[in-house]
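A.B. asks: This is the structure I have questions about; it appears just below.
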Amino acid sequence: MNQPTAAAPPARAGRLDSLTGLRWWAAFGVFAHHMTNLAPLPVFEVVGFGKYGVTLFFVLSGFVLTWSARPGVTAPTFYWRRFARIYPAHFVALLFAIPVFYSYTPDPAQSWVKPVSVGILLLSVPLIQGWWRDPVLLYSGNPAAWTLTCEFFFYALFPALHRVFARLRVRGALVAMTLTFAAALVYRVYVWFQPHSRAAEVPLPVVRLSEFVIGIAIARAMLSGWRVRIAPVWAFLGSAALAGWLVTTADRPAGNTFAAFVRVTKDEWIIFACAAMIATIAWRDLAGKRSLLRWRPLVLLGEWSYAFYLVHATFIYVARDTFGKETVSWSNLQWYAALLIVSLAGAAALHYAVERPLERRLRTWWDTRRRPAQDRQAVGSLH
């Protein structure tokens, strides 16, 4: 990744369809990770890295919101559009998840089923469950929805963050990104040395904010003309090498201080890897170069990815409740195929029946409601 020369013009905020395709692979990674609870594969340590699809989502969120931001959009309008985009599908997915993850008489053998508690369930309605570290509270309602607590926190801060970052150019944005990354590293190391301190109990929305801010910083730098002269394949290979090293050294004694440091701070290095992938892929789209991630089926899956993320765990645990957990085997790939098909069908239904139409209706309602006030202001300015 190289900085532009002083004469480099700002990048145009064009379409970045490859990032939509990338979003699908983030969702698929989380799906693969959760499938280990039903049908583990012999390489379950590698599959477990799928959980970092959430990290990719968070960095992407900051990048895409900054990239797509338009002047004149007020904070209330931004908040309503985010609510319209996220909440309807969440609420419907929650209704389907409750009978799967809650029971008045839970079976102790079904560790994922919790006793019904209206108070705990209600945490997931306004999406505040992620402010607690206790798993019973954190995974309230639809277990996958804890990430939406983080997203809503990020959205709440975005208008203010956007105003700050809008003043920055390439150097300032990259410095902000570096400082954010350094702060995340310092926090991780401090918690490593002080695991019982209050810092270790900081709520996840605050801890994960660095991922969102790094996404904002990358977008701001690119909008200001940052040239990313690295092909995405190198970002992919670097990420794969990092994952491979972490897997193969996981059981080694901590005799090497540097190796121990990297293992302890692996979450931050994976954030860096996700940031590198996003930057290189976005620049490839801007440069008009060929990208497999722009393949229409992948872009379509990326459009379904949010709905897929919301429903996949529910289907996985319905299957586990019905058939039990499988032993470790390559034959479990057939379970991956079956649950992938079922989850995609559910995601498509949620996307087309709830997510898209309700987002459109809610945005139309808001825009219609705001228009009379805007018209009055326009008329007043003429006198």
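A.B. asks: Test of understanding: among Ser210, Ser140, which residue is surrounded by 19 or more Cβ atoms within 10 Å (Cβ to Cβ) and either in contact (Cβ under 8 Å) with a residue 60 or more places away in the chain or at positive phi (or both)?
C.D. replies: So the residue among Ser210, Ser140 that is surrounded by 19 or more Cβ atoms within 10 Å (Cβ to Cβ) and either in contact (Cβ under 8 Å) with a residue 60 or more places away in the chain or at positive phi (or both) is Ser210.
Yes or no, residue by residue, for (1) more than 30 Å from Ala231 (Cβ to Cβ); (2) of a type in the set (Asp, Glu); (3) buried (at least 16 other Cβ atoms within 10 Å of the Cβ); (4) modelled with pLDDT under 95:
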site: Pro297; (1), (2), (3), (4): no, no, no, no
site: Trp304; (1), (2), (3), (4): no, no, yes, no
site: Leu340; (1), (2), (3), (4): no, no, yes, no
site: Gly346; (1), (2), (3), (4): yes, no, yes, no
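Every residue, every condition in (1) over 28 Å from Leu38 (Cβ atoms); (2) out of contact with any Asp or Glu (no Cβ under 7 Å at 6 or more places or on another chain), yes or no:
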{"site": "Trp269", "(1), (2)": "yes, yes"}
{"site": "Ala279", "(1), (2)": "yes, yes"}
{"site": "Leu292", "(1), (2)": "yes, yes"}
{"site": "Val299", "(1), (2)": "yes, no"}
{"site": "Thr314", "(1), (2)": "no, yes"}
{"site": "Val318", "(1), (2)": "no, yes"}
{"site": "Trp330", "(1), (2)": "no, yes"}
{"site": "Tyr336", "(1), (2)": "no, yes"}
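A.B. asks: Consider Asp285 carefully, then state whether it is modelled with pLDDT under 95, more than 24 Å from Ala182 (Cβ to Cβ) and buried (at least 17 other Cβ atoms within 10 Å of the Cβ).
C.D. replies: yes
A.B. asks: Taking only segment 115-150 into account, find how many residues are in a helix (DSSP H, G or I) and over 13 Å from Pro203 (Cα atoms).
C.D. replies: Pass one, segment 115-150, residues in a helix (DSSP H, G or I): 118-123, 129-131, 135-138, 143-150.
From what is left, the residues that are over 13 Å from Pro203 (Cα atoms) are 118-123, 136, 143-145, 148.
The qualifying residues number 11.
A.B. asks: For Ala200, state whether it is open to solvent by 20 Å² or more (accessible area, probe 1.4 Å), assigned to a helix (DSSP H, G or I) and without any contact (Cβ under 8 Å) to a residue 24 or more places away in the chain. Steps first, answer last, please.
C.D. replies: Numbers: open to solvent by 20 Å² or more (accessible area, probe 1.4 Å): no; assigned to a helix (DSSP H, G or I): yes; without any contact (Cβ under 8 Å) to a residue 24 or more places away in the chain: yes.
No; evaluated as a whole, the condition is false for this residue.
A.B. asks: Also: Give the number of residues within segment 183-197 that are assigned to a loop (DSSP other than H, G, I, E, B) and open to solvent by 30 Å² or more (accessible area, probe 1.4 Å).
C.D. replies: 3
A.B. asks: Which one is farthest from Glu326 (Cα to Cα), of the residues in segment 24-47 that are at pLDDT below 95 and of a type in the set (A, V, I, L, M, F, W, C)?
C.D. replies: That would be Val46.
The values are calculated or read from the model by the stated rules, or taken from the named source; none is laboratory data. Note that this is a predicted model, so its numbers are computed, not measured. All Cβ positions, even for glycine, are placed from backbone atoms using ideal geometry, and neighbour counts span all protein chains on display. Heads up: the accessible areas ignore ligands, DNA and RNA and are worked out on the full protein's heavy atoms, side chains in. Shrake-Rupley method; radii C 1.70, N 1.55, O 1.52, S 1.80 Å.
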